[in-house]
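Each value in this text was obtained by applying a stated rule to the coordinates, not by laboratory testing. Everything numeric in this text was worked out from a predicted model, so none of it was measured. All Cβ positions, glycine included, derive from the backbone under ideal geometry; neighbour counts span all protein chains shown.
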Amino acid sequence: MEHKLEKPIAFFDMPTQQKTIGKEKILKSLEKILDHGGYAQGPETKELEEKLAKYTGMKYCLTCSSGTDALILALMSWGVKAGDAVFVPSFTFVATAEAVAFLGATPVFVDSDEKTFNICPKDLETAIKATKEKTDLNLKAIIAVDIFGQPADYRAINKIAKSYNMKVLGDAAQSFGSELDGKKAGAFCDMTATSFYPTKPLGCYGDGGAVFCNSEEEYEILKSCRIHGMGGEKYDNIRLGMTARMDSFQAAVLLHKMEVFEQEMKDRQIIAKRYKDGLTNNTHQTVIDGAMSAWAIYTILSDNRDALQAHLRELNVPTAAFYPRPVHTQTAYKKWATRSLPVCERLAEQVVSIPMQPYLDENSQNYIIEAINSFN
Ligand SMILES: Cc1ncc(COP(=O)(O)O)c(C=O)c1O
């Protein structure tokens, strides 16, 4: 190895981010909440919602307790229920399909595109046609996941949805900050859910999420569902709902993180380009024309994943396999698997995620590139 490690490589690096923002500043904001006492959905949460709506260019932002709850709330606001088919990629984190099943609806698994790793529009049409012909399910919605931060092909997905009179929900848990055709994630489709889990591009210090929409009517339902299905009159709850508020502490942290977010996005682009240019022996995730990935995770493909990971472990380069098991093959979800999904199954065997975070210094990037290239 020509490059030497100057310090351990962090897969995610919250401490450096904390130093960049200033720990004292964060503590001061948390102390303010202790003083005003509005712990759950207080003034910080309101301020965050306004800032996030403005950032995404959407009319409404509803913060909530997690990315999973954001997905559930979005589907609830559309009245998703038993008898409804919701089309989801299988190559995703389980929460995408879980939200559908949790409401009693049927997740219909769709294969991935081999270049983008996102839901494959062609296979989506195949799945929709088969569901229409062979089942009594009501074609309700599509959840497009922006896997690893890269916007899905919303141009194609929105078109397909329109032709079947279905809704599109964006799962932007990994893609907050990404762009497509000049729009920010949150604004690519009818409604979008995101996660602020600590390792996400915009992450808090616990659990958090948000839903974005432009319809006032849907926003009012989302608000109601977030707190037990509340109505206009206190103690007259008009629908079933959840306890899905965001606490003010998480909102305060996110407000501070937004101060450095744009710079972090720029730095992620630089690192992604270095990886793309430097890792010439590997298959990379293709970013679609007109899109900018948020690069939550940088993933390459390898025919020999276990050996590559072992090689990198030896050289102190942390890696992960996101995701080694497609959702339709998992125990709780097998019952909804109607066919094999070859691209998704192959991806699950080949994906290797390498360190990607905005505070990864240039020497570490070069070391990682050299370490991967030295594997054969
Ligand atoms: C694609 C995707 N959807 C949904 C979620 C759920 O988010 P949360 O962990 O905040 O519930 C995640 C989190 O990892 C995710 O990656």
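Diagonalise the Cα gyration tensor of region 163-230 and give the resulting equivalent ellipsoid semi-axes, square root of 5 times each eigenvalue, largest first, whole Å. All intermediate terms of the calculation are to be shown ahead of the outcome.
Numbers: eigenvalues 86, 74, 16 Å².
Gyration-tensor ellipsoid for region 163-230: 21, 19, 9 Å.
Among 168-181, 310-323, what's the highest-first ranking by average C-beta atoms within 10 angstrom per residue? Can you show the working numbers first?
Values: 168-181: 26.4, 310-323: 16.2.
Output ranking for 168-181, 310-323: 168-181, 310-323.
Quick check on the chain: helices-only [θ] at 222 nm, where DSSP H runs of length 4 and up contribute -39,500 (n - 2.57) each and the sum goes over total residues. Nearest 500, please.
Numbers: 12 runs with 152 residues, N = 376.
After summing the helix terms and dividing by the residues of the chain, the value is -12500 deg cm²/dmol.
Gap in Å between the Cα centre of region 137-179 and the Cα centre of region 1-51?
Spelled out, the Cα-based centre of one part sits 30 Å from the other.
Which value results when the Cα radius of gyration for region 260-373 is divided by 2.2 N^0.38 Å?
Its radius of gyration relative to the 2.2 N^0.38 Å reference: 1.18.
From the phi angles alone, apply the Karplus equation (6.51, -1.76, 1.60; θ = phi - 60°) to region 182-190 and give each ³J(HN,Hα) in whole Hz, x where the residue is Gly or Pro.
x, 9, 8, 3, x, 10, 8, 7, 4
Amide H of MET292: which non-local residues (sequence gap of 5 or more, or other chain) have their own amide H closer than 5 Å, using H built in the peptide plane?
Here the answer is GLU179, LEU180, since their amide H atoms fall under 5 Å of that of MET292.
With 10 angstrom as the radius, rank LEU103, LEU52 by how many other C-beta atoms surround their C-beta, starting from the fewest.
Numbers: LEU103 18, LEU52 26.
Lowest count first: LEU103, LEU52.
How large are Rg and Dmax for the chain when calculated on the C-alpha trace, in angstrom?
Expressed in Å, the Cα Rg and Dmax of the chain come to 20.9, 69.
By per-residue mean of other Cβ atoms within 10 Å, what is the highest-first order of 294-303, 113-122, 363-372, 19-28?
Details: 294-303: 23.1, 113-122: 21.2, 363-372: 19.6, 19-28: 12.3.
In decreasing order of mean packing, 294-303, 113-122, 363-372, 19-28 become 294-303, 113-122, 363-372, 19-28.
With charges only on Cβ, +1 for K and R and -1 for D and E, what is the dipole size of region 173-220 about its Cα centre, in debye, rounded to 20?
Values: 3 positive and 8 negative charges, 79 e Å.
For this selection, approximately 380 debye.
What ranking of ARG239, ARG346 emerges when the number of other C-beta atoms within 10 Å of each C-beta is taken as an exposure proxy, fewest first? Provide the component values of the computation, followed by the final result.
Numbers: ARG239 13, ARG346 16.
Ranking ARG239, ARG346 by Cβ neighbours within 10 Å, fewest first, gives ARG239, ARG346.
Each residue of region 292-297 in order: what ³J(HN,Hα) in whole Hz does its phi give by Karplus 6.51 cos²θ - 1.76 cosθ + 1.60, θ = phi - 60°, with x for Gly and Pro?
10, 6, 7, 6, 4, 9
Can you list residues whose amide H is under 5 Å from ASP247's amide H, if they're 5+ apart or on another chain and H is modeled 1.01 Å from N?
Residues meeting the amide H criterion: GLN41.
Arrange the following residues from fewest to most other Cβ atoms within 10 Å of their Cβ: HIS256, HIS228. If you can, show how the numbers build up before the last one.
Working: HIS256 19, HIS228 15.
Lowest count first: HIS228, HIS256.
Among GLN309, LEU347, TRP336, whose Cα sits farthest toward the positive end of the charge dipole of region 260-373 (+1 at Cβ of Lys/Arg, -1 at Cβ of Asp/Glu, about the Cα centre)?
TRP336
Could you pull out every residue, at least 5 positions away or on a different chain, whose amide H is within less than 5 Å of the one on GLY83? Hs are placed 1.01 Å off N in the peptide plane, and Pro or chain starts have none.
Under 5 Å from the amide H of GLY83: THR106.
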